[in-house]
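Structure first, commentary second.
The values are calculated or read from the model by the stated rules, or taken from the named source; none is laboratory data. No experiment lies behind these values; they were computed from the predicted model shown. Here the Cβ positions follow ideal geometry from the backbone for every residue, glycine too, while neighbour counts run over all protein chains shown.
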Amino acid sequence: MDLLQTRVTGVDFRNPILLASGIWGESGISLTRAYEGGAGGVVTKSIGSEPRSGYPNPTIEKNGTWGLLNAMGLPNPGIESYGEEVRYALSRGVRVVGSVFGGTAEEFARLSQAMEALGVAAIELNLSCPHAKGYGSEIGSDPEALAEVVRAVKSAVRLPVWAKLTPNTADPASLGRAAERAGADAISAINTLRGMAIDPVTMRPILSHVSGGLSGPAIKPIGLAFVWQVFEAVHIPIIGIGGISRPEDVFEYLLAGASLVEVGTAVMEGGGPLFGQLARGVSDILVTHGLKSVSESVGAAHRR
Ligand code: RRO
């Protein structure tokens, strides 16, 4: 499957299909399971400075019609304890990207330095959680605040920095350009979309946090349109995320302009083997179209 090997932001990936942040990222063992199942790399859970327990239950609502809503509330053990999970995955040869979240540019920079010291291959900045007060999209939907974080992290680490953007914006291109101008090496898009569900029996919101983030197949067209728009606005690589569960979905993201993709919600059902299935399927699709590498397909739908 050499056809699938690809180099993005100076990092080699055996295939372009990575585990998305937030799914299976809680332990070194689960990260390793995704990699052994065939993922090209894995992105950790978003890690902060201190341990956080997250929001009370219910934090997840799954529905066959529209997908998955979550308001986990950034639960994580804090960077100090999480180090051993990253070290475990690295010791197994896993290609690890470290995801971090902070409340200020300085906090993002400190966390990124700590991730770098652990030996990850790149940093993904979570600038896009849709429901965390003082974090995520509250910072990342303002181009100036987003740029300040990216600049601070870029001057603190040597690793490639990926800025993960929110779809809860009217102007994806401006966010993408702000990240690029501030020195981001790549853009990851998209995080979940703000949504909610109400229980008609209890007549109350289902999630304890009331609103959460929507993921799953319903958001694929939104992710694709976002990647398409950002591809036309920037020159740095894009990592496409949102609603991927089949090889055709991966290929669509590549055609829209993504150089890599991340898969999250579908892994909850498909498990580790889903990555191998997706990789084989994408390889077959590339062959069918006479394409000799992943990079030949990146952005191909833009070309007339
Ligand atoms: O932890 C969460 O509730 C969460 C995060 Br950090 C995120 O980036 N996206 C999301 O849907 N949930």
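Could you list, in sequence order, all residues of segment 138-188 that are at pLDDT below 95 and either touching a Lys or Arg at 6+ places or on another chain (Cβ under 7 Å) or aromatic (Phe, Trp, Tyr) (or both)?
The one that is at pLDDT below 95 and either touching a Lys or Arg at 6+ places or on another chain (Cβ under 7 Å) or aromatic (Phe, Trp, Tyr) (or both): Asn168.
Output yes when any residue across segment 173-193 is closer than 14 Å to Asn70 by Cβ, out of contact with any Cys (no Cβ under 6 Å at 6 or more places or on another chain) and either of a type in the set (A, V, I, L, M, F, W, C) or part of a strand (DSSP E or B) (or both), and no when none is.
Checking segment 173-193: at least one residue is closer than 14 Å to Asn70 by Cβ, out of contact with any Cys (no Cβ under 6 Å at 6 or more places or on another chain) and either of a type in the set (A, V, I, L, M, F, W, C) or part of a strand (DSSP E or B) (or both).
Which condition number in (1) modelled with pLDDT of 95 or more; (2) in contact with a Lys or Arg (Cβ under 9 Å, 6 or more places away or on another chain); (3) among the aliphatic types (A, V, I, L, M) is the one that Leu90 fails?
Checking Leu90 against (1) modelled with pLDDT of 95 or more; (2) in contact with a Lys or Arg (Cβ under 9 Å, 6 or more places away or on another chain); (3) among the aliphatic types (A, V, I, L, M), the one that fails is (2).
Only residues in segment 139-155 that are part of a helix (DSSP H, G or I) count as the first member; pair them with residues that are among the hydroxyl-bearing types (Ser, Thr, Tyr), Cβ under 7 angstrom, at least 6 apart or cross-chain, and list the lot.
These pairs meet every condition: Gly140/Ser128; Gly140/Thr166; Pro143/Ser174; Val153/Ser112.
Going by the conditions given, is Arg110 of a type outside the set (Ser, Thr, Tyr), under 25 Å from Ala163 (Cβ atoms) and over 20 Å from the mean Cα position of the chain (by Cα)?
Yes; evaluated as a whole, the condition is true for this residue.
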